[in-house]
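Engineer: Just dropping this structure here.
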Amino acid sequence: MSQTMQAPGPAPGAPPVPSAEFDAFLSYTHGDRPVASGIQKGLHQIGRRLGQLRALRVFRDDTNLEVNPDLWGEITKALDRSRFLVVVLSPGAAASHWVNQEVGYWLAHRGREQLLLVLAGGALAWDAGQRRFDPQASTAAVPVLTEAGVLPVEPFFIDVSADAPWDARSAGLREKITALAAPIHGKPKDQLASDDLR
């Protein structure tokens, strides 16, 4: 079920990242690589100004991470140097140790305000009483997001599960990625869409 609420604006009172190298860290399981690639391309393109290489700087392990014996150390460094965490959720992601660990680290060290979710497959069902995704009905939620009290309110997410092959030039997918990109840019979705058209 797709979330219908408005994309969040810039989070007031969120701790600034003093030396943010990346605007967003893209967390996904490798089975969702085509989705992650489409999201990354869209975030690079939407809102890009003339002469600018990319609109947003996005960390993705395929494109930014080198072989290193301390893989988790490199990942946490990248998380610490990112302003937002964008998580691609699916049944594969729900079973992924790494995606769960990245989300858990983010929630423990950075909080909830700059967490953005993308549903690539499966289902998400919000449990308002427990303030979590229902672990029985949410086949796409990583374990940390099904813990009681993990999130104060139902988080914003975009549903791209029907948008294969996830081409960022597709109008439908581009509109959804614009909603995802708006809080990262610190702009309302309609203003970012207007800037992107220009």
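Engineer: Given H placed 1.01 Å from N in the peptide plane, which residues other than close sequence neighbours of Phe157 have an amide H under 5 Å from its amide H?
Structural biologist: HN-HN under 5 Å from Phe157: Gln3.
Engineer: With the crude spin-label approximation of a point 7 Å out along Cα→Cβ, what separation in nm comes out for Lys77 versus Arg33?
Structural biologist: Here the answer is 2.4 nm between the modelled labels.
Engineer: Using a Gaussian network model of the chain whose springs link C-alpha atoms within less than 10 Å, name the residue from Val150, Val103, Val142 with the highest mean-square fluctuation.
Structural biologist: Comparing Val150, Val103, Val142 in a Gaussian network model of the chain, the most mobile one is Val150.
Engineer: Hand me the trypsin sites (Lys or Arg not before Pro) from the stretch 68-111 located in a DSSP loop with no more than 16 other Cβ atoms within 10 Å, in residue order please.
Structural biologist: Those that pass, being in a loop and sparsely packed, are Arg81.
Engineer: Where is the GNM fluctuation largest for the chain (alpha-carbon springs, 10 angstrom cutoff): Pro152, Pro135, Pro91?
Structural biologist: Pro152
Engineer: Among the trypsin sites (Lys or Arg not before Pro) within the stretch 27-62, which fall in a DSSP loop and have no more than 12 other Cβ atoms within 10 Å of their own Cβ?
Structural biologist: Arg49
Engineer: Report relative contact order for the chain in percent, whole number only (criteria: Cα-Cα under 8 Å, sequence separation at least 6).
Structural biologist: Relative contact order of the chain: 28 percent.
Engineer: Using +1 at the C-beta of Lys and Arg and -1 at the C-beta of Asp and Glu, which of Leu192, Gly149, Phe133 has the Cα lying farthest in the positive direction of the dipole of the chain?
Structural biologist: Leu192
Engineer: Roll a 1.4 Å probe over the protein chains and send me the accessible area per residue for the stretch 119-190 in Å².
Structural biologist: With all protein chains present, the stretch 119-190 gives 44 Å² per residue.
Engineer: Which of the GluC sites (Glu not before Pro) found in the stretch 36-141 are in a DSSP loop and have at most 13 neighbouring Cβ atoms, other than their own, within 10 Å?
Structural biologist: Here the GluC sites (Glu not before Pro) that fit, given the DSSP loop and packing criteria, are Glu66.
Engineer: What per residue convex hull volume, in Å³, do the alpha-carbon atoms of the stretch 78-198 yield?
Structural biologist: 115 Å³
Engineer: I'd like the Karplus ³J(HN,Hα) series for the stretch 152-168: coefficients 6.51, -1.76, 1.60, θ = phi - 60°, whole numbers in Hz, and an x wherever there's a Gly or Pro.
Structural biologist: Running phi through 6.51 cos²θ - 1.76 cosθ + 1.60 with θ = phi - 60° gives x, 9, 4, x, 5, 8, 10, 9, 10, 4, 9, 9, 4, x, 6, 8, 5 Hz.
The values are calculated or read from the model by the stated rules, or taken from the named source; none is laboratory data. Quick caveat: nothing in here was measured; it's all calculated off a predicted structure. Cβ coordinates were reconstructed from backbone atoms using ideal geometry, including for glycine residues, and neighbour counts include every protein chain displayed. Remember, those area values only see protein heavy atoms, side chains included, never the ligands or the DNA or RNA. Shrake-Rupley method; radii C 1.70, N 1.55, O 1.52, S 1.80 Å.
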